[in-house]
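The values are calculated or read from the model by the stated rules, or taken from the named source; none is laboratory data. The model shown is predicted, which means the values in this text are computed figures rather than measured ones. Cβ placement follows ideal geometry from the backbone for every residue including glycine, while neighbour counts extend to all protein chains displayed.
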Amino acid sequence: MNGSRYICIETLNREIRLVVLFTVTLFTVLVAGIFACFTFLSLISAIIAVVIGTPALLWSAVTTYGLIRRAQPLRPFDPEEQAASASRVGGKGRYITTADGRIVEYLVYGSEIPDAKVIVQMHGSTTSGGWQCKMNAPLCKELNLKGIAPSVPNLGYSDLYIGRTLANVMRL
């Protein structure tokens, strides 16, 4: 798994405890809510309460966890840490600094031959370029392809892009 400047080793245990606490609380409230609904409400009312209540509880748990994570300070960028993290997944860690001063991480992996064709792989919403590297580095090497996988803002070692909207979500 690719490292991240947003997860400090010191806070990892606290985060695991928070996730367990959210999960246990959510499950307890959900079971109690379902029991109460089917005990005290008519069948139709109980089904409506469960159908609306379950997503609302999930949304509140995820939102609370996200707010706690957002409040954590950003650690300073360490190029050696980023390079070591990239080498653990089979690539070479690189980064650029944008005009507005943000760091954007990308990993280079696959073939080392100079005339190899290049592919750029963008990751999904909850992973980083390290995931693409880990999954595709052996295949790229076998097919004589050089892979480049950037990490979008706020994932991997890429900085947060303040003011990002859905319209410019893929802007690095």
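Scanning the stretch 79-109 for residues that are in contact with a Leu (Cβ under 9 Å, 6 or more places away or on another chain) and hydrophobic (A, V, I, L, M, F, W, C) yields a total of 4.
Determine, yes or no, whether residue 84 is surrounded by 11 or more Cβ atoms within 10 Å (Cβ to Cβ), within 18 Å of the chain's Cα centre (by Cα) and of a type outside the set (Ser, Thr, Tyr). Taking the combined requirement at face value, the residue does not satisfy it.
Tell me which residues, restricted to the stretch 112-135, are among the aliphatic types (A, V, I, L, M) and in a strand (DSSP E or B). 118, 119, 120, listed by residue number. Inspection of the stretch 67-81 identifies at least one residue that is touching a strand residue (DSSP E or B) at 6+ places or on another chain (Cβ under 8 Å) and touching a residue at least 60 places away in the same chain (Cβ under 8 Å).
Just checking, does the stretch 59-81 include any residue being more than 27 Å from residue 157 (Cα to Cα), outside any loop (DSSP other than H, G, I, E, B), modelled with pLDDT under 90 and not assigned by TED's automatic domain parsing to the domain that holds residue 158? Yes; the residues of the stretch 59-81 include at least one that is more than 27 Å from residue 157 (Cα to Cα), outside any loop (DSSP other than H, G, I, E, B), modelled with pLDDT under 90 and not assigned by TED's automatic domain parsing to the domain that holds residue 158. Remark: pairs (first residue in the stretch 25-37, assigned by TED's automatic domain parsing to the domain that holds residue 59 and within 16 Å of residue 51 (Cβ to Cβ); second residue polar (S, T, N, Q) and assigned to a helix (DSSP H, G or I); Cβ separation under 8 Å; 6+ apart in sequence or on different chains) = 30/54; 37/45. In the stretch 130-154, the residues that are of a type in the set (A, V, I, L, M, F, W, C) form Cβ pairs under 6 Å with partners that are assigned to a helix (DSSP H, G or I), at six or more places apart or across chains, as follows: 149/129; 149/132; 149/133.
Just one of the numbered conditions (1) in contact with a His (Cβ under 7 Å, 6 or more places away or on another chain); (2) at pLDDT 90 or above is not true of residue 97: (1).
Taking the conditions exactly as written (closer than 30 Å to residue 149 by Cβ, at pLDDT 70 or above and part of a helix (DSSP H, G or I)), does residue 12 satisfy them or not? Spell out the reasoning first.
Numbers: closer than 30 Å to residue 149 by Cβ: yes; at pLDDT 70 or above: no; part of a helix (DSSP H, G or I): yes.
So residue 12 does not fit the description; no.
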